[in-house]
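This report refers to the structure that appears directly beneath it.
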Amino acid sequence: MMATAGLKPSGRKFDLEVTRDPATILAAQRLRYQVFAEEMGAALPETELRIDRDDIDSHCSHLVVRARQSGEIAAYTRLISQPQANRIGQFYSAGEFDLDPVLRLRGRFLEIGRTCVAPPFRGGIALAVLWSGLVSHCRQEQVDYLIGCASVPPQADGYPVQALEHQLTASQRAPLNLHVRPRQAVPPHLHSVRLDAPMPPLLAAYLRFGAQVCGAPCWDREFNVMDVFILLDLKRVNQRYERHFFGQPRSQPSAAVAVG
């Protein structure tokens, strides 16, 4: 098990680690299954084993927030660096979106995915601890951009495509030249007519940190969600969070700054 050097201490309740340890990954895969299959209704193949895994897991790193007292995983995200994506063949998000407009940007990318928080730790600081570890990891690896898909579950009458568009502010929308094309748009007959659908907590957290939504969502039928592609230029990280995690904001932008 490999802990990330230089991560901000997480206090008395949680420990942070970036790991490729098989036992830890298996525990994370069980949490992923609980969240994505049992809670959100994803149709996953490992129903008997009750784990969510794919061929990418063994090629990437895994950021884990662990409750110090119990040892259980409180929050998790999967990390795919640019060299790892090159070995895999592409970033995971490329299966849902044409990423060419974003990948033309100069700099180093890190993709996050399968982000989830265990039910007992929702509404607390576990997600903030995950983000603090992610920002520290980005600094160490000199990452310029975080990318990934943020999942939005359907409402009772369909997917909240219009609601999300209605709720995003101008600063939360990427410029048109950075919009990516979904490979499977949400069919119009599956759109919800409501404009007051709540924004998922993880997506709201991404936006608070300065992430931007890069165009229309993709329909992920297997996971029973619509995914929006998120881009975070790490120079945009909200100074309020910089002060919270690191004591004071950086005096000038750096290439090593700060994403289901």
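Quick note: the coordinates plus some simple rules give every number you see, no bench work behind them. Please read all numbers here as calculations on a predicted model, not as lab measurements. Neighbour counts run over all protein chains shown; Cβ positions are idealised from the backbone, glycine included.
Worth pointing out:
- Arranged from fewest to most other beta-carbon atoms within 10 Å of their beta carbon, 214, 60 become 60, 214.
- Estimated vicinal HN-Hα couplings, Hz - the range 199-216 in sequence order (Karplus 6.51, -1.76, 1.60; Gly, Pro = x): 7, x, x, 5, 5, 4, 5, 4, 5, 4, 7, x, 5, 10, 8, 9, x, 5
- Added length on full extension, which subtracts the Cα-Cα distance from 0.36 nm per residue, residue 69 to residue 222: 51.5 nm
- Fully extended contour minus Cα-Cα distance, from residue 106 to residue 141, at 0.36 nm per residue: 11.0 nm
- By other beta-carbon atoms within 10 Å, ranking 222, 46 with the fewest at the front produces 222, 46.
- Among 191, 166, 62, the order by Cβ neighbours within 10 angstrom, fewest to most, reads 166, 191, 62.
- Over all other residues within a Cβ to Cβ distance under 12 Å of residue 153, the charged ones net out to -3, with Lys and Arg as +1 and Asp and Glu as -1.
- Every helix of 4 or more DSSP H residues in the chain counts as -39500 (n - 2.57), and over all residues that averages to -6500 deg cm²/dmol at 222 nm.
- Spin-label pair residue 165/residue 88, simplified geometry with 7 Å Cα→Cβ offset, distance in nm: 3.0
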